[in-house]
Amino acid sequence: MKKATIQIEGMHCASCASNIEKSLKKVKGVKSASVNLMAKKGFVEIEGDISESDLKKAVSRVGGYAAKKIEFEEDKQDNKDKSIEYKEPTDDRQDNRQIEHLKHSEHKKEEHPHHEEMNEHVHGSVEEKEIKSWFKKTIWAWLITIPIAIIMFSERLFGLKVFNTPEQMTFVLLIISFPIIFVLGFQTLKGGLKGFTSFYFNMDSLIALGTVVAYLTGVLSFFINVQDYSGISAMIMAFFLTGKYVEVKARGKASQEIKKLLELGAKNALVLRNNKEFEISISEVKINDVIIVKPGEKIPTDGVIVKGESAVDESMVTGESLPIDKAKGDKVIGATLNQDGVLYIKATKIGKDTFLSNIIKLVEQAQGTKIPIQALADKITSVFVPVVLVITILTFIAWFYFNKDLSRAIGVAVSVLVIACPCALGLATPTALMVGSGMGAKRGILIRKGEAIQTMKEIKIIVFDKTGTITKGKPEVRAVYAEIGEGYLMEVAASLEKLSEHPLSKAVVEKANLKKYREVKAFKILRGRGVEGEIGKKSIVIGNSTLMKERGINLKEFNNKINEFESKGFTTIIVSDNGKAIGIIGIADAVKEDSIEAINKLNMEDYKTIMITGDNEKTAQAIAKQVGIKEVIANVLPEDKAKKINELKKQAMVAFIGDGINDAPALKESNVGIAMGTGTDIAIEAGDIVLVKGSLNGVVQSINLSKATFSKIKQNLFWAFAYNTIAIPVAVAGLLHPIIAEIAMALSSITVVTNANLLRRKRI
């Protein structure tokens with residue numbers, strides 16, 4: 001089976017994405033297809049032989065869309081790395097040809113395709129151009145529309161006669177309206193009118209037909225007795241362009257997670273080739289290159305350590321707060337941070353094969369997944385537009401057949417088109433979302449994706465990440481056991497640990513909170529085990545059980561206490577004085593104060609609460625017991641979180657709460673992704689809902705807010721459809737003048753906005 005990723009130009013609404021998706025699915029050999037509006041990409045699974053031109057035709061035939069670029073990818077098994085022997089740097093001869101090539105490479109770089117895509121995303125040039133384009137159209141449209149409104153209503157409202165004859169006014173309105181309809185609105189007309197040839201209708205179809213017909217009445221008014229609606233057509237297009245600008249700008253912000261993921265990667269790498277160090281672009285790194293990473297630098301790409309030891313901060317990828325000690329043979333992930341040792345890393349994956357790139361791909365694909373509110377919008381569009389068109393045509397035919405009056409028939413038909421313009425329908429959801437979002441913002445709840453409003457009410461399973469979500473994400477001293485006095489134990493331990501940058505050391509120093517520390521000599525960090533040093537004439541060793549066994553220190557009297565600490569999920573460090581253990585310190589990532597309260601509320605409401613973590617089973621169960629979670633999924637690899645969420649979705653609707661970069665795919669894969677505002681930017685951007693304060697009480701509040709807001713959306717949709725249901729038959733009967741139709745549309749919009757604002761009275 002093959003997969004294809006299609007970059008698509010011209011999409012600007014959910015209907016666009018839906019129509020392209022339907023068209024792709026009709027291509028023989030396409031197993032599945034999904035289109036991501038925000039990423040402007042289509043993802044296709046192929047069974048059989050399908051050419052690039054087949055996919056391009058499928059994209060272009062449904063509207064003014066174009067497949068800019070198509071990338072095919074075979075489902076492949078993991079390639080085995082060819083072994084490479086690492087040699088220590090020597091002063092032996094070098095391969096001059098390779099060195100010369102590296103010198104020239106600074107001037108002529110062979111860019112990796114993925115790197116080009118990264119540059120495009122990072123600079124956001126495509127999105128920025130689109131936003132600027134709609135903004136310019138909106139400004140120009142209103143600069144022209146305002147004079148049109150003055151011309152049209154000055155005489156009707158204020159008795160000011162601008163023109164001597166109606167024909168003069170019509171002529172001027174046709175000239176002024178032309179650029180709004182046929183220049184600024186060209187993209188809308190092209191996409192909307194193409195729906196009438198392909199039978200793939202969207203909201204543009206109705207806007208395009210309504211504006212063109214209304215404009216043409218101005219031309220017809222010179223030949224027959226028909227009302228001139230050319231000015232009204234310009235107003236409709238101006239409102240439409242304004243709405244599109246707001247929509248595109250919001251969509252641009254929603255796709256920031258992809259940009260930020262891409263920005264995480266290192267831009268350059270220091271490679272060792274033939275005993276010489278060269279700094280090159282990340283795009284030039286090859287499989288099996290040996291990369292030198294100094295303390296404080298990002299690891300450029302996925303690889304395996306061939307020399308050196310260090311602690312690597314993987315929190316930006318795993319979400320886990322403690323750095324991981326790494327040594328020769330250990331794997332490392334690109335974009336993570338090397339802390340305090342020099343590492344020599346053999347590159348095992350580059351470009352699109354890296355962990356970070358796979359995360360990006362997962363987020364993009366998850367964004368393209370269909371959700372209920374999109375399906376509803378698609379269904380409304382696909383039914384509403386054809387029904388209105390049929391009603392309009394039948395109205396025109398009936399009036400002309402029975403009255404033999406072409407002018408009257410056109411006037412009534414235009415009234416139907418005008419009253420059917422979905423203004424209230426367009427305002428129904430966004431106004432309620434706007435009010436709901438404002439209410440949430442005051443309480444630290446940011447609703448980033450409107451889809452969550454509909455989906456949240458169906459949620460039955462709530463899944464929590466552990467670190468940074470249920471817990472604080474920062475190690476703290478939770479318990480101390482001392483044989484000779486806690487004060488002396490903490491004073492000695494803090495004096496040594498102050499010289500280390502390890503997070504566990506910082507937790508000890510913070511707990512001791514000393515004003516003055518003892519002088520330490522012969523201090524040494526024992527990688528992955530602990531620290532040692534001399535205070536006065538005493539030899540102090542602090543570390544784990546492994547280090548104590550190495551030094552022959554008897555722990556018999558402390559075994560029960562060590563087991564007790566570990567059963568609570570504590571990381572235990574032992575302090576010894578001149579070869580004798582004098583106490584132990586239990587350190588753990590503390591549970592947030594409000595986590596227990598929030599989870600208990602959810603349990604009482606019969607939600608199924610689950611914790612998913614990469615941590616070990618023992619620690620995970622200890623935390624779960626403390627907060628009241630009964631089901632735990634532990635030892636989950638970062639890339640497998642989304643898979644676990646997908647499995648749970650087969651049981652019921654799932655909400656996932658997380659804060660790390662590795663949580664981004666799971667946030668997208670879940671029915672509703674809730675991100676902690678205290679977490680990484682990537683998780684925040686990937687979430688449908690963001691809890692700014694980082695409090696799990698926000699989960700309970702967001703559920704209540706979602707239910708209240710969705711209730712208003714349903715009421716607004718009812719009123720929007722009610723106006724059309726009542727007004728369209730009145731228009732068909734010829735009892736509704738187009739001006740009255742405009743007023744009715746305004747009233748329906750006012751009703752929708754007023755009803756949405758009543759949401760502010762709701763307590764959550």
Within the range 323-362, can you find the residues that are modelled with pLDDT under 85, open to solvent by less than 20 Å² (accessible area, probe 1.4 Å) and not β-branched (Val, Ile, Thr)?
323, 335, 357
Residue pairs qualifying under the 7 Å Cβ cut-off, at least six apart or on distinct chains, with the first in the range 272-290 being in a strand (DSSP E or B) and surrounded by fewer than 17 Cβ atoms within 10 Å (Cβ to Cβ) and the second being of a type in the set (Asp, Glu) and modelled with pLDDT of 90 or more, are none
Among the residues of the range 537-548, write down those that are surrounded by fewer than 15 Cβ atoms within 10 Å (Cβ to Cβ) and modelled with pLDDT under 90.
537, 546
Hey, can you tell me all the residues within the range 23-38 that are surrounded by fewer than 22 Cβ atoms within 10 Å (Cβ to Cβ) and of a type in the set (A, V, I, L, M, F, W, C)?
27, 30, 38
Taking the condition of being within 15 Å of residue 68 (Cα to Cα), touching a strand residue (DSSP E or B) at 6+ places or on another chain (Cβ under 6 Å) and touching a residue at least 60 places away in the same chain (Cβ under 8 Å), how many residues in the range 18-40 meet it?
2
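Being among the charged types (D, E, K, R), in a helix (DSSP H, G or I) and either surrounded by 13 or more Cβ atoms within 10 Å (Cβ to Cβ) or without any contact (Cβ under 8 Å) to a residue 40 or more places away in the chain (or both) is the filter here, so list the residues in the range 133-173 that pass it. Show your work before the answer.
If we filter the range 133-173 for residues that are among the charged types (D, E, K, R), which is where we start, we get 136-137, 155-156, 161, 167.
Narrowing the set further to residues that are in a helix (DSSP H, G or I) leaves 136-137, 155-156, 167.
Listed by number, the residues that qualify are 136, 137, 155, 156.
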Among the residues that make up the range 630-653, is at least one of them closer than 18 Å to residue 606 by Cα, crowded, with 24+ Cβ neighbours inside 10 Å and of a type in the set (A, V, I, L, M, F, W, C)?
no
Of all residues in the range 235-277, count the ones that are modelled with pLDDT of 75 or more, farther than 21 Å from residue 352 by Cβ and of a type in the set (Gly, Ala, Ser).
1
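Restricting attention to the range 298-308, which residues are open to solvent by 40 Å² or more (accessible area, probe 1.4 Å) and either among the hydroxyl-bearing types (Ser, Thr, Tyr) or at pLDDT 90 or above (or both)?
Initial filter on the range 298-308 (open to solvent by 40 Å² or more (accessible area, probe 1.4 Å)): 298, 307.
Scanning the range 298-308 gives a single hit, 307.
Only one residue in 565, 558 is part of a helix (DSSP H, G or I) and touching a Ser or Thr at 6+ places or on another chain (Cβ under 7 Å). Which one?
Working: 558 fails: touching a Ser or Thr at 6+ places or on another chain (Cβ under 7 Å).
One residue alone meets the criteria, 565.
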Selection from the range 593-626 of residues under 14 Å from residue 464 (Cβ atoms), open to solvent by less than 30 Å² (accessible area, probe 1.4 Å) and in a helix (DSSP H, G or I) yields 595, 598, 599, 602, 620, 623, 624
Please go through the range 537-569 and pick out each residue that is in contact (Cβ under 8 Å) with a residue 24 or more places away in the chain and among the β-branched types (Val, Ile, Thr).
540, 541, 542, 553
If you check residue 485 against the conditions, is it closer than 27 Å to residue 589 by Cβ, surrounded by fewer than 17 Cβ atoms within 10 Å (Cβ to Cβ) and not polar (S, T, N, Q)?
no
Within the range 125-165, can you find the residues that are hydroxyl-bearing (Ser, Thr, Tyr) and at pLDDT 75 or above?
133, 138, 145, 154, 165
Could you list, ordered by first residue, the pairs with Cβ atoms under 9 Å in which the first is in the range 488-506 and touching a residue at least 24 places away in the same chain (Cβ under 8 Å) and acidic (Asp, Glu) and the second is assigned to a helix (DSSP H, G or I) and open to solvent by less than 10 Å² (accessible area, probe 1.4 Å), at least 6 apart or interchain?
497/505; 497/507; 497/508
Residue check: is residue 679 crowded, with 18+ Cβ neighbours inside 10 Å, modelled with pLDDT under 85, small (Gly, Ala, Ser) and at positive phi?
no
Take the conditions modelled with pLDDT under 80, open to solvent by 30 Å² or more (accessible area, probe 1.4 Å) and assigned to a helix (DSSP H, G or I) and apply them to residue 377. Does it pass?
yes
Determine the pairs where a residue that is closer than 15 Å to residue 388 by Cβ and at pLDDT below 85, located within the range 724-736, has a partner that is part of a helix (DSSP H, G or I) and not hydrophobic (A, V, I, L, M, F, W, C) with Cβ atoms under 9 Å apart, the partner being 6 or more residues away or on another chain.
724/748; 727/748; 736/415
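Checking the structure you have, find out if any residue of the range 701-721 is part of a strand (DSSP E or B), at pLDDT 85 or above and of a type in the set (D, E, K, R).
Checked against the condition, which is being part of a strand (DSSP E or B), at pLDDT 85 or above and of a type in the set (D, E, K, R), the range 701-721 yields no hits at all.
Being under 45 Å from the mean Cα position of the chain (by Cα) and open to solvent by less than 30 Å² (accessible area, probe 1.4 Å) narrows it down to one residue among 558, 565; which is it? Can you show your working first?
On the way: 558 fails: under 45 Å from the mean Cα position of the chain (by Cα).
Only one candidate qualifies: 565.
The values are calculated or read from the model by the stated rules, or taken from the named source; none is laboratory data. Computed from a prediction, not measured in an experiment: that's the story for all the values here. Positions of Cβ are backbone-derived with ideal geometry, glycine not excepted, and every protein chain shown enters the neighbour counts. These accessible areas exclude ligands, DNA and RNA; they are computed on the full protein's heavy atoms, side chains included. Shrake-Rupley method; radii C 1.70, N 1.55, O 1.52, S 1.80 Å.
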